[in-house]
Amino acid sequence: MVKDGVGLGTIVIADKFPDPPVRFAAEELKRYIFEMSDVILPVRRGAARGPSVVISSAGKAGPKVTSGALPSDEEDAYCLKSVGRNLYLSGASPRAALYAVYTFLEKLGCGFCVPGEDTVPRKRSITAPHLNMLEVPAFEFRSHIDNPFRDPFPIEGNVAVIDWLAKNRFNWYHPVTNCTGEPEFYYRHRELISSQLAKRGLCLQVGGHTMQTWLPENKYFASHPEYYSLVDEDGEGAESVRKAPSACISSPGGRRTVIRNICNFLDRCPEVDAVDIWDADMVCYCHCSKCLQGVTTSRMDGWRKRGQLIGAYAETLEEEILRSAYTSSFIGFLNAVARGVKKKHPNVVISSAIYGQTGVPSLYSCEKLENNVALEVAHLPRDSFVPLAGEPRSELNRRWIATDLTWMEKGDRVGVYEYYHSWTGSVVYPQVNVIAEDLRFLHQIGVRRIVTDQGGWSPTNIYAAARLLWNPNKPWHDLIKDFCRRYYGRAAAKMEKYWLNLEDGMRGKEGFFGELAPIFGGQPYEGHRESRSWLLSKRKHFVKRLKAILQVTKDPVTKRRLER
């Protein structure tokens, strides 16, 4: 491709009418070759003439790989195939062609480890390695939630995440607005966001906790209090009252209003592929007779008025009964909204999370999901440093397996919502070994949809997860080694040992990752303290090791990464 600073090859777009991601793939290859070598390779369309890197989608160019042609039912599959003096980068879709280019750039030594921080080696000569590989994702739906997506955070950070997602072969971008009323932040930046997604071929899901978006209390509560939850007030003999933002999901008028407001949003934002209806991020939910399907219990223990920690399991039989009844009603509500939206926007998916107020569905009373409804089961809380299955054993995690399997019987678009980042601060959240075991297990039981939340940024976790979503059998320690080699330069060996020591130390410790919050100045979740206690006890030791590595690091880029 390049020899002693002289270009020897051409970048060829083989598609007769290339889609934006294919054109962008050629631009990206040209850009990174220039950053590596200061050589500009020409880009042209048509057939290969002379040494060329040929980019195409839908199998329009390039020979078959050894395992056969690109699978027609796997839109993200791609292959890298050397034939004579040419290299063919072919994708089953335009997006997959872009994946092929980024994989090739990694083969040349580039690293896409953290958003906005590419590693690009300097080379006077670039020789394409001989390649013969076919990549097909193990999980067809690979989504990353972008949070924060709101003022005062700069939009440039969100654009950097989009760029990182494509380079690491995710296929869905999911900004959560979590707003009351119109998503103004999204409206202000939708042109930029949609253009960045379109040229990469990524799908877009918008929302988060949106019950208050589609049914804002400041607009409807005064005139229609029946749209909102009926809950008990404090005090013996106190009457039930309506409370926002949680909704009365059995209210016909409330349902019609939600459908109308979602359709209005989609009319304005036709680039959106999926819309969220998540319940309010609070423990309150409606206890009217319709929402609870006529179910009553003799002993409430205060559940009607206050509940318990968000996401926690019901702790009594009474609570389990009520939550199961509410869950069945919520699915009925979700299906009704999906049918209503489908009349005007037939290709849009209505998505929700099994989280907080909802739980395990009743086998018989809970409806099957409409074909335009998606559900992600949020594993919150869980023992974050213990695998779902296998050893060491966690009863809390085993219950999530039962929940996942039960929901998978209700529809084809059911997946798992995990937490591969730490909300409470970046970097310190060693969980790669557990992510690897979990994804192998989830793939074995038939899960094909994975969503991960974001608050802070846990770089080794998400870097490894991105690759495990394609092949969950990759050795997790090799992924940490690969990350360190591409990100930390000459400090790679020491940082690899640092991360592996953290992984080994935290493995098997009980506790939800949110319990690490006090280390970063936040408030802990209730529950086991084993993981938090271990990390606190070792914090000075690991900080001392980092400072020692910093002292001998000369490269300013590596030094900055270590300091952060």
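What follows is calculated from the coordinates using simple rules that are stated; it is not laboratory data. Remember, it's a predicted structure, so these values are computed and weren't measured experimentally. Methodologically, a virtual Cβ is constructed for each residue, glycine included, from the backbone with ideal geometry; neighbour enumeration extends over all protein chains shown.
Collect residues whose amide H, placed 1.01 Å from N in the peptide plane, falls under 5 Å from the amide H of Asp146; neighbours closer than 5 in sequence don't count.
Residues meeting the criterion, in which the H sits 1.01 Å from N, are His174, Val176.
Looking at region 174-236, which GluC sites (Glu not before Pro) are in a loop (DSSP not H, G, I, E or B) and have at most 15 other Cβ atoms within 10 Å?
Sparse-neighbourhood loop GluC sites (Glu not before Pro): Glu233, Glu236.
How do the peptides 543-554, 137-148 rank, highest first, by the average count of neighbouring beta carbon atoms within 10 Å per residue? Write out the running numbers ahead of the final one.
Values: 543-554: 12.4, 137-148: 20.6.
So the order, starting with the most tightly packed, is 137-148, 543-554.
For the pair Ala548/Glu226, report the inter-label distance in nm, with labels modelled 7 Å from Cα in the Cβ direction.
For the pair Ala548/Glu226, the computed spacing is 7.1 nm.
List the aspartates and glutamates whose alpha-carbon lies under 17 Å from that of Lys559, not counting same-chain residues fewer than 8 positions away?
Partners found: Glu117, Asp118, Glu496.
May I have the convex hull volume per residue, in Å³, for the Cα set of region 151-295?
Cα-based convex hull of region 151-295, divided per residue, equals 140 Å³.
Under the 0.36 nm per residue contour assumption, what length would be gained going from the current alpha-carbon distance of Lys3 and Tyr187 to full extension?
Numbers: separation 184, 0.36 × 184 = 66.24 nm, distance 4.79 nm.
So the extension gain works out to 61.5 nm.
Ratio of region 2-135's C-alpha Rg to 2.2 N^0.38 Å, to two decimals? Don't skip to the answer; put the middle values down first.
Details: Rg = 13.9 Å, N = 134, 2.2 N^0.38 = 14.1 Å.
Against the empirical 2.2 N^0.38 Å value, I get 0.98 for region 2-135.
Taking 0.36 nm per intervening residue step and subtracting the Cα-Cα distance, what contour gain separates Asn473 from Ser195 on full extension?
Values: separation 278, 0.36 × 278 = 100.08 nm, distance 3.47 nm.
Extra length available between Asn473 and Ser195 comes to 96.6 nm.
Lysine pairs in region 2-135 with alpha-carbon atoms under 14 Å apart, 8 or more places apart or on different chains: how many are there?
Values: Lys3/Lys123; Lys16/Lys60; Lys60/Lys81; Lys64/Lys81; Lys81/Lys107; Lys107/Lys123.
Eligible lysine pairs with Cα atoms under 14 Å apart amount to 6.
Mind checking which lysines have their Cα closer than 16 Å to the Cα of Lys497? Skip sequence neighbours fewer than 8 apart in that chain.
Filter leaves Lys481, Lys538, Lys544, Lys547.
Only Lys, Arg, Asp and Glu count, each charged at its Cβ (+1, +1, -1, -1), so figure out the dipole size of the chain about its Cα centre, rounded to 20 debye. Walk me through the numbers before you get to the answer.
Values: 75 positive and 65 negative charges, 498 e Å.
That gives the chain a dipole magnitude of about 2400 debye.
Could you compute the FRET efficiency for Glu409 and Ser125, with r as their C-beta to C-beta distance and R0 at 51 Å, rounded to 0.05?
Values: r = 57 Å, r/R0 = 1.11.
Calculated transfer efficiency: 0.35.
Report, in deg cm²/dmol and to the nearest 500, the calculated mean residue ellipticity at 222 nm for the chain, where each DSSP H run with n ≥ 4 adds -39500 (n - 2.57) and the sum is divided by the residue count. Each step should come with its number before you reach the end.
Details: 15 runs with 205 residues, N = 564.
Taking each H run of at least 4 residues, the total per residue is -11500 deg cm²/dmol.
Order these peptides, 383-391, 164-172, 128-136, 472-480, by their mean beta-carbon neighbour count within 10 angstrom, highest first.
Numbers: 383-391: 20.9, 164-172: 23.7, 128-136: 15.4, 472-480: 17.0.
Most protected by this proxy first, the peptides run 164-172, 383-391, 472-480, 128-136.
Let's test the formula: R0 of 41 Å, r as the Cβ-Cβ distance of Glu35 and His541. What FRET efficiency results, to the nearest 0.05? Walk me through the intermediate numbers first.
On the way: r = 38 Å, r/R0 = 0.93.
My answer for the efficiency is 0.60.
Taking the Cα atoms of region 73-124, report the difference between the largest and smallest coordinate on each principal axis, in whole Å and largest first.
35, 30, 12
Which lysines have a Cα lying under 25 Å from the Cα of Lys368, excluding residues fewer than 8 positions away in the same chain?
Lys290, Lys342, Lys343, Lys344, Lys410
Beyond 29 Å, how much of the Cα-Cα pair distribution for the chain remains, as a whole percent? Can you show the working numbers first?
On the way: 91201 of 158766 pairs.
Percent of Cα pairs beyond 29 Å in the chain: 57.
Going highest first, how would you order 319-327, 45-53 by mean Cβ packing within 10 Å?
On the way: 319-327: 20.3, 45-53: 14.9.
Sorting 319-327, 45-53 by mean packing, highest first, produces 319-327, 45-53.
Please report Tyr420, Tyr498, Tyr187 as a ranked list, fewest other C-beta atoms within 10 angstrom at the top and most at the bottom.
On the way: Tyr420 26, Tyr498 20, Tyr187 13.
Going from sparsest to densest Cβ surroundings: Tyr187, Tyr498, Tyr420.
Given charges of +1 on the Cβ of Lys and Arg and -1 on the Cβ of Asp and Glu, with all other atoms neutral, how large is the dipole of region 429-494 about its Cα centre, in debye to the nearest 20? Intermediate values should be presented prior to the final figure.
Working: 10 positive and 5 negative charges, 60 e Å.
Dipole size: approximately 280 debye.
Considering all alpha-carbon pairs of region 339-388, what whole percent are spaced by more than 16 angstrom? Let's see the in-between values first.
Details: 697 of 1225 pairs.
Value for region 339-388: 57 percent of Cα pairs lie more than 16 Å apart.
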